[in-house]
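The values are calculated or read from the model by the stated rules, or taken from the named source; none is laboratory data. Bear in mind that the values here come from a model prediction, so they are computed numbers and not experimental data. Here the Cβ is made from the backbone with ideal geometry for all residues, glycine too, and neighbour counts use every protein chain on show. Side chains are part of the model used for accessible areas, which takes the heavy atoms of the whole protein and leaves out ligands, DNA and RNA. Shrake-Rupley method; radii C 1.70, N 1.55, O 1.52, S 1.80 Å.
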Amino acid sequence: MIQPMSSQSRSKSMADFLTQHGWKYEDAIPLANDASFRHYFRLKNGAHGAVLMDAPPPREKILPFVSIARHLKTLGYSAPDILAKDAINGFLLLEDFGDQTFARVLSESGAEDFIERERHLYSLAIDLLADLHAKPTSQTVPNYLPLYNTERLVNEVLLLTDWFIPSLTGKQVSPAARKDYVARWEAVTNQLDRSAVTLVLRDFHIDNLMYLHENFGLQRCGLLDFQDALCGHPAYDLMSLLEDARRDIAPELQADMLKRYMTAMPDLSHPGPAQDKFLNAFFILAAQRHAKVIGIFTRLSKRDGKNSYMVHLPRVWELLESSLGHPLLEPVESWININVAKELRIQIKTRAWSA
């Protein structure tokens, strides 16, 4: 098994990589890190700039990012150019999209133009998804991508039972209760419409979308953090955008953006069986993602010492409970009610989780 490099060895490898491609190690300015083991640095040389992705193996791999970035560009979307790569040591030089994430644009907006900008940015993201999902699957989904199937979906929701509930209650979920949880989720996810498949970017939300104002049309929406892409249901990324774990979105905006997406898709533009199947998938995948995210945020805190994500737990739990209110999710809702005491469920939403 390959062992992670020491910090000293890692720094030397990074310096060698940068030197090889005409940059200086001492000019690398750290950027905000994400929930993975990746780190990012901005590089400047006069008018030229780039971003260094430090993705230390074996925990991280850069080739999926490279492959999906190139694929997205062939589809006409804005993904960063790959300027240089070292797959063995886990380094990438990327085109610098700047600092204007959708989230930052909104945080810097004044009260007088916030609503207009928010609607503009969400509309741009919705239009990109509609454009992507309208393309033939044979064009949008590379044949090497695995399917976001029941096994993967259920493995992810186990993060709730294996990390969050033990952290909340102080004891492990019993093997019998865990087995029952799995069975219920399998029954629920098996109801997904498997005929609807597209490229699923998986972390499609406003912290990973860049506003590239100098571009035109859909290319104003810069895409990041897509290395975990899979082949799956088109409702997933739409749900990820509209039920954001990190920020509240007004119900009116959610409803308008959902309508905007469905209006753009001929099969979904009018009430009927196709629309019903899609909305069922939206709620199932929303519950699945929220359960997963609660577990991930807990693991980041307990295992990796990244506590800042815990402040979002009340919001995500509220989203989970809302999704579980859909009739198709009743088996999972019942399991939660049995295995997480009512007073604990109230505490999740009211407790001041440490940042």
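For segment 295-325, taking the residues that are of a type in the set (A, V, I, L, M) and more than 17 Å from the chain's Cα centre (by Cα), the one that is modelled with the lowest pLDDT is identified as Val311. Pairs are defined by a Cβ separation below 8 Å, a sequence spacing of at least 6 or placement on different chains, a first member in segment 227-244 that is under 12 Å from Ile68 (Cα atoms), and a second member that is in a helix (DSSP H, G or I) and not β-branched (Val, Ile, Thr); the pairs so defined are Gln227/Pro64; Gln227/Phe65; Asp228/Pro64; Ala229/Pro64; Leu230/Arg152. When each of Asp203, Asp225 is tested for being of a type in the set (D, E, K, R), assigned to a loop (DSSP other than H, G, I, E, B) and at positive phi, the lone residue that passes is Asp225. Assess whether Asp99 counts as being surrounded by fewer than 16 Cβ atoms within 10 Å (Cβ to Cβ) and at pLDDT below 95. The answer is yes for Asp99. Within segment 21-80, the set of residues being surrounded by fewer than 19 Cβ atoms within 10 Å (Cβ to Cβ) and of a type in the set (D, E, K, R) comprises Lys24, Glu26, Asp27, Asp34, Arg42, Lys44, Arg59, Glu60, Lys61, Arg70, Lys73. Only one entry of Asp203, Asp228, Asp207, Asp237 meets the criterion of being touching a strand residue (DSSP E or B) at 6+ places or on another chain (Cβ under 7 Å), within 18 Å of Ile296 (Cβ to Cβ) and open to solvent by 40 Å² or more (accessible area, probe 1.4 Å), and that entry is Asp207. Taking the listed residues Arg260, Arg351, Arg345, the one that is of a type in the set (Lys, Arg) and in contact (Cβ under 8 Å) with a residue 40 or more places away in the chain is Arg260, with no other qualifying.
With the requirement that a residue be charged (D, E, K, R) and over 27 Å from Leu209 (Cβ atoms), what does segment 13-50 give you? Asp16, Lys24, Glu26, Asp27, listed by residue number. Of the residues making up segment 263-320, just one is crowded, with 20+ Cβ neighbours inside 10 Å, among the polar types (S, T, N, Q) and under 16 Å from Ala235 (Cα atoms), namely Gln288. Among the residues making up segment 306-322, a single one is among the hydroxyl-bearing types (Ser, Thr, Tyr) and in contact with a Leu (Cβ under 8 Å, 6 or more places away or on another chain): Tyr309.
Restrict the check to segment 336-348 and report whether at least one residue is surrounded by 14 or more Cβ atoms within 10 Å (Cβ to Cβ) and in contact with a Lys or Arg (Cβ under 8 Å, 6 or more places away or on another chain). Yes: one or more hits. Among residues of segment 91-104 that are in contact (Cβ under 8 Å) with a residue 12 or more places away in the chain, those with a beta-carbon under 8 Å from a residue that is open to solvent by less than 30 Å² (accessible area, probe 1.4 Å) and polar (S, T, N, Q) at least six positions away or on a different chain give the pairs Phe91/Ser13; Phe97/Ser78; Thr101/Asn208.
Looking only at segment 243-256, residues that are open to solvent by less than 40 Å² (accessible area, probe 1.4 Å) and either in contact with a Leu (Cβ under 6 Å, 6 or more places away or on another chain) or closer than 18 Å to Leu199 by Cα (or both) come to 1 in all. With respect to the stated conditions, Ser322 is out of contact with any helix residue (DSSP H, G or I) (no Cβ under 7 Å at 6 or more places or on another chain) and either assigned to a loop (DSSP other than H, G, I, E, B) or not aromatic (Phe, Trp, Tyr) (or both).
Restricted to helices (runs of 4 or more DSSP H) entirely inside segment 108-193, those with at least 3 residues that are open to solvent by 50 Å² or more (accessible area, probe 1.4 Å) are 114-134, 137-140, 150-159, 175-189. Any residue at all in segment 26-41 that is over 29 Å from Leu128 (Cβ atoms), out of contact with any Pro (no Cβ under 8 Å at 6 or more places or on another chain) and assigned to a helix (DSSP H, G or I)? Within segment 26-41 (the criterion being over 29 Å from Leu128 (Cβ atoms), out of contact with any Pro (no Cβ under 8 Å at 6 or more places or on another chain) and assigned to a helix (DSSP H, G or I)), the answer is yes, since at least one residue qualifies. Could we say that Leu83 is at pLDDT 95 or above, outside any helix (DSSP H, G or I) and either more than 30 Å from Tyr25 (Cβ to Cβ) or open to solvent by less than 30 Å² (accessible area, probe 1.4 Å) (or both) here? Against the criterion (at pLDDT 95 or above, outside any helix (DSSP H, G or I) and either more than 30 Å from Tyr25 (Cβ to Cβ) or open to solvent by less than 30 Å² (accessible area, probe 1.4 Å) (or both)), Leu83 does not qualify.
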